[in-house]
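Single-structure report; data block below.
The values are calculated or read from the model by the stated rules, or taken from the named source; none is laboratory data. Bear in mind the structure is a predicted one, so any value in this text is a computation, not a measurement. With ideal geometry, Cβ positions are generated from the backbone for all residues, glycine too; neighbour counts draw on all protein chains shown. In case anyone asks, the SASA skips ligands and DNA or RNA and just uses the protein heavy atoms, side chains included. Shrake-Rupley method; radii C 1.70, N 1.55, O 1.52, S 1.80 Å.
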Amino acid sequence: MAFLSSNIFHPKLTILFLLIHLHVAFPDGSTHLHFYMHDVLTGPNTTAVKVVPPGSDPTALTFGGIFVIDDPLTKGPDMSSGLVGQAQGTYIVASQSEPALLMTMNILFVDGEFNGAIGRDAILAPVRELPVVGGTGKFRKACGYLLIKTYTFNVTSGNAVLEVDVYVEDRK
Ligand SMILES: *[C@@H]1O[C@H](CO)[C@@H](O)[C@H](O)[C@H]1NC(C)=O
Ligand SMILES: *[C@@H]1O[C@H](CO)[C@@H](O)[C@H](O)[C@H]1NC(C)=O
């Protein structure tokens, strides 16, 4: 999306960010962001670490497993497409019957904290919706939702690229 396709998250371009925001803001005051999240469980640049049970298979999504993430967010599905921020938090394998996660994370953009989300991420569903329960700065008191789709998932390495759409509006 145009909103994220230019280098608008560089701190020196804050004014450009505001101008672009005016162009993409919907008439009802809501905002749409689109980016990709890289969850890398194995390899040289791991971004997700399985902390419970310690020492177990780092890719196994067994019930009770807890992962800590600091996942890069990029403009496109390729890691080299440009960093826009990080998703930092935890996810817990919280279902005994299917691979469904409770995700708790802060989404931080390059020039400051944006908002947070708490919700259930049933990873086998084609589209997962998570609530946006708050924000800071420009998005103080924001409410809305995220839609998450699996862009790629490697069952051998456990590494995934997720496509994320965020819709937020101000609570006046
Ligand atoms: C890992 O990170 C380093 C430093 O940023 C980078 O040079 C390298 O290409 C990365 N490797 C992979 C496999 O992404
Ligand atoms: C999946 O991961 C395995 C193990 O790291 C790797 O050998 C393989 O090339 C990956 N497949 C794709 C399509 O990236």
Inset, instruction - Could you please let me know if residue 50 is open to solvent by 20 Å² or more (accessible area, probe 1.4 Å), in contact with a His (Cβ under 9 Å, 6 or more places away or on another chain) and not assigned by TED's automatic domain parsing to the domain that holds residue 138? - result: no
Inset, instruction - Answer yes or no: is there a residue in the range 126-142 that is modelled with pLDDT of 90 or more, open to solvent by 60 Å² or more (accessible area, probe 1.4 Å) and among the basic types (Lys, Arg). - result: no
Inset, instruction - Find the residue count for the range 32-52, including only residues that are within 11 Å of ligand 1 (Cβ to nearest atom), out of contact with any helix residue (DSSP H, G or I) (no Cβ under 8 Å at 6 or more places or on another chain) and in contact (Cβ under 8 Å) with a residue 60 or more places away in the chain. - result: 3
Inset, instruction - Answer with yes or no whether residue 33 is in a strand (DSSP E or B) and not assigned by TED's automatic domain parsing to the domain that holds residue 160. - result: yes
Inset, instruction - Can you run down the residue pairs with Cβ atoms below 9 Å, 6 or more apart or on separate chains, where the first is in the range 54-82 and at positive phi and the partner is not in a loop (DSSP other than H, G, I, E, B)? - result: 64/52; 64/92; 64/93; 82/4; 82/5; 82/74
Legend entry - Condition met for residue 144 (touching a residue at least 40 places away in the same chain (Cβ under 8 Å) and not assigned by TED's automatic domain parsing to the domain that holds residue 168): no
Inset, instruction - For residues that are more than 18 Å from the chain's Cα centre (by Cα) and surrounded by 13 or more Cβ atoms within 10 Å (Cβ to Cβ), tally how many sit in the range 64-94. - result: 2
Inset, instruction - Please state which of the following conditions residue 97 fails to meet, knowing it meets all the rest: (1) small (Gly, Ala, Ser); (2) open to solvent by less than 70 Å² (accessible area, probe 1.4 Å); (3) over 17 Å from residue 47 (Cα atoms). - result: (2)
Inset, instruction - Give the residue that is farthest from ligand 1 (Cβ to nearest atom), with candidates limited to residues of the range 129-157 that are under 14 Å from residue 108 (Cα atoms) and not charged (D, E, K, R). - result: 134
Legend entry - Qualifying residue in the range 150-160 (condition: open to solvent by less than 70 Å² (accessible area, probe 1.4 Å), assigned to a strand (DSSP E or B) and more than 16 Å from ligand 2 (Cβ to nearest atom)): no
